[in-house]
Amino acid sequence: MKKRAAIVVTLLTIMSGVVAQESDYAIPPLEKPAHVAPAGVVALGRILFQDRRLSGDNTVSCAHCHPLDRGGADGLPVSVGVKGRMGAVNAPTVYNIAGYIAYFWDGRAATLEELILDGPLQNPDEMNASWEEVLGKLRKDPVLDERFHRYFTQGITPRTVSRAIAAFLRTLVTLDSPFDRWEKGDPKALSDAAVRGYKLFSSYGCIACHQGRAVGGNMFATMGVMGDYFRDRNGGVTQADLGRFNVTGKASDKYVFKVPSLRLAAVTPPYFHDGSVATLDEAVRIMGRYQLGREIPPVDRADIIAFLRSLVGRHPMLKVQP
């Protein structure tokens, strides 16, 4: 299985110029974060994640597009920001994102802190705010201001706000999934269908890109390695469809995106950067055709989906299960 995965990832490397960071394509179990910020900082981040004052008109919080009870994603093809403005891409889950190779679909942020500093808060179609106005509102809250000074000598600043939210996000790890229990030696944790699905996921080559603890997030890949996804999708190519090209300006980065995590794929439709696919079955079929050059039959897709459902773990804030 690993030999086939290596062949597929080599093909992806040749065609997209992108190399995975991990050489072992197994899927290690998720673990509790090894290094976490003080509990008080994490608590501040949790408060801010749900604080609508981070938006220009006080209507939108981070949780608006990333509701944690529903898998950390809003279930819309593209998110709706302030004043009903539509975003350009599907909002991915914020669970299990610590340690990604980069952030946003096009990888324009290198760290979680950078994502928060230069991301949705200032995007006119998302939170449509400026740091100056947001800090002004937060500093008027004496309780919040005191708590920030307790942990940060600088008080409330863009950098300390980003550090607090990032610290909270790093705690969003979904543990004890059936697949992880099976990996740790519990033979009864997976159904026969899920075991078959894992073997198919590996033998078809899906695991070449969807690998590591998060089952994704650690490499970039071209959307449409084995076929023209955007031509067949219809509707023309948008600026967001250009992916990494929007960051690097390199022609070889057109249609290249960060590979999404599949840990919560079973509970976070719709799929792909454009949110164009409503069901997991259709997503698996399309991935087989355009990424692997294979037609995956319905019986195999059903088993692969059983495996994907087994990846969903637990977190106190997560209320949905497959």
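The values are calculated or read from the model by the stated rules, or taken from the named source; none is laboratory data. Remember, it's a predicted structure, so these values are computed and weren't measured experimentally. Here the Cβ is made from the backbone with ideal geometry for all residues, glycine too, and neighbour counts use every protein chain on show.
If you go through region 208-222 and keep only what is surrounded by fewer than 22 Cβ atoms within 10 Å (Cβ to Cβ) and either in contact with a Phe, Trp or Tyr (Cβ under 8 Å, 6 or more places away or on another chain) or at pLDDT below 95 (or both), you end up with just Asn218.
Yes/no matrix, rows are residues, columns are (1) on the phi < 0 side of the Ramachandran plot; (2) hydrophobic (A, V, I, L, M, F, W, C); (3) buried (at least 21 other Cβ atoms within 10 Å of the Cβ); (4) in the same structural domain as Leu117 (by TED's automatic domain parsing):
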{"residue": "Leu135", "(1), (2), (3), (4)": "yes, yes, no, yes"}
{"residue": "Asp141", "(1), (2), (3), (4)": "yes, no, no, yes"}
{"residue": "Glu146", "(1), (2), (3), (4)": "yes, no, no, yes"}
{"residue": "His149", "(1), (2), (3), (4)": "yes, no, no, yes"}
{"residue": "Phe152", "(1), (2), (3), (4)": "yes, yes, no, yes"}
{"residue": "Arg159", "(1), (2), (3), (4)": "yes, no, no, yes"}
{"residue": "Ala164", "(1), (2), (3), (4)": "yes, yes, yes, yes"}
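Going by what's in this entry, would Ser252 be described as surrounded by fewer than 15 Cβ atoms within 10 Å (Cβ to Cβ) and either of a type in the set (S, T, N, Q) or in a helix (DSSP H, G or I) (or both)? When the stated conditions are applied, Ser252 passes them. The set of residues in region 219-249 being in contact with a strand residue (DSSP E or B) (Cβ under 7 Å, 6 or more places away or on another chain), of a type in the set (Ser, Thr, Tyr) and in a loop (DSSP other than H, G, I, E, B) is empty.
Could you say whether any residue in region 278-288 is modelled with pLDDT of 95 or more and either in a loop (DSSP other than H, G, I, E, B) or assigned by TED's automatic domain parsing to the domain that holds Gly71 (or both)? Yes, region 278-288 has at least one match.
Restricting attention to region 104-125, the residues that are buried (at least 17 other Cβ atoms within 10 Å of the Cβ), out of contact with any Lys or Arg (no Cβ under 8 Å at 6 or more places or on another chain) and either modelled with pLDDT under 95 or under 29 Å from Ser252 (Cα atoms) (or both) total 6.
When Leu264, Leu242 are screened for being hydrophobic (A, V, I, L, M, F, W, C) and under 19 Å from Arg108 (Cα atoms), only Leu242 passes.
Figure legend. Inter-residue proximity from region 190-214: first residues farther than 17 Å from Tyr290 by Cα, second residues of a type in the set (Lys, Arg) and surrounded by 23 or more Cβ atoms within 10 Å (Cβ to Cβ), beta-carbon distance below 7 Å, spacing 6+ or different chains. Indicated pairs: Ala214/Arg263.
Scanning region 270-303 for residues that are touching a residue at least 24 places away in the same chain (Cβ under 8 Å) and surrounded by fewer than 19 Cβ atoms within 10 Å (Cβ to Cβ) returns Ser276, Asp281, Arg289, Gly293, Arg294, Ala302. Among the residues of region 23-52, the ones that are assigned to a loop (DSSP other than H, G, I, E, B) and not acidic (Asp, Glu) come to 15 in all.
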